[in-house]
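Here's the structure we're looking at; comments come further down.
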Amino acid sequence: MLGWNVVKVWSKTLIREVRAKLKAWAQHRHPQKSGGWVSKKYWQTIGGDNWVFATRHEGKNPIRLRSHTETKIIRHVKVKGEASPYDGNLIYWSSRMAKHPEATMRESGNAPEVTARKVYSPRNVLPRGRCTGD
């Protein structure tokens, strides 16, 4: 259980650091206001949670900053042995990608559709002729 204790200590430390940064930001944003005024403006009680950093919208659900402890942990699954996307084993890779958190199911059935993210490099950001190597 040593691992869980380390996670608990780091979680508390991280929460403390984030709260200190938020408090410093709020005081910087309103230098002429008292600490109590700033606390009432930005922190509130939602459900059973006290000191939640959230917006105040009358008649609407507040937008709140989620705690680190509310974030779901997704474990990484290692690639088996010598497997490679280029080895032709489409069954292994399609089943693996179906479990990918960014994969969405197509309307037609079970085939996973992965949304590709555009990778930016200096070549496709800077105008032509301004990159080194042209």
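Here, each number is a calculation from the coordinates, and none is a lab measurement. Keep in mind it's a predicted model, so treat the numbers as computed, not measured. Every residue, glycine as well, gets a Cβ built from its backbone with ideal geometry; the counts of neighbours run over all protein chains shown.
Does segment 2-70 come out rounded, prolate or oblate by the C-alpha gyration tensor, with a ≥ b ≥ c the root eigenvalues, rounded set by a/c under 1.5 and, if not, prolate when a/b is larger than b/c and oblate if not? Oblate shape, in that a/c is at least 1.5 and b/c is the bigger or equal ratio. Here Y42, Y86 are placed in order of increasing Cβ neighbour count within 10 Å, fewest first, which gives Y86, Y42.
Couplings for segment 69-76, taken from phi via the Karplus curve 6.51 cos²θ - 1.76 cosθ + 1.60 with θ = phi - 60°, read 6, 7, 7, 6, 8, 10, 7, 7 Hz in order; Gly and Pro are left as x.
Close amide H pairs (under 5 Å, H built 1.01 Å from N) link H30 with no residue at least 5 positions away or on another chain.
In this calculation the C-beta distance from W10 to L65 is compared with R0 = 22 Å, giving a FRET efficiency of 0.75.
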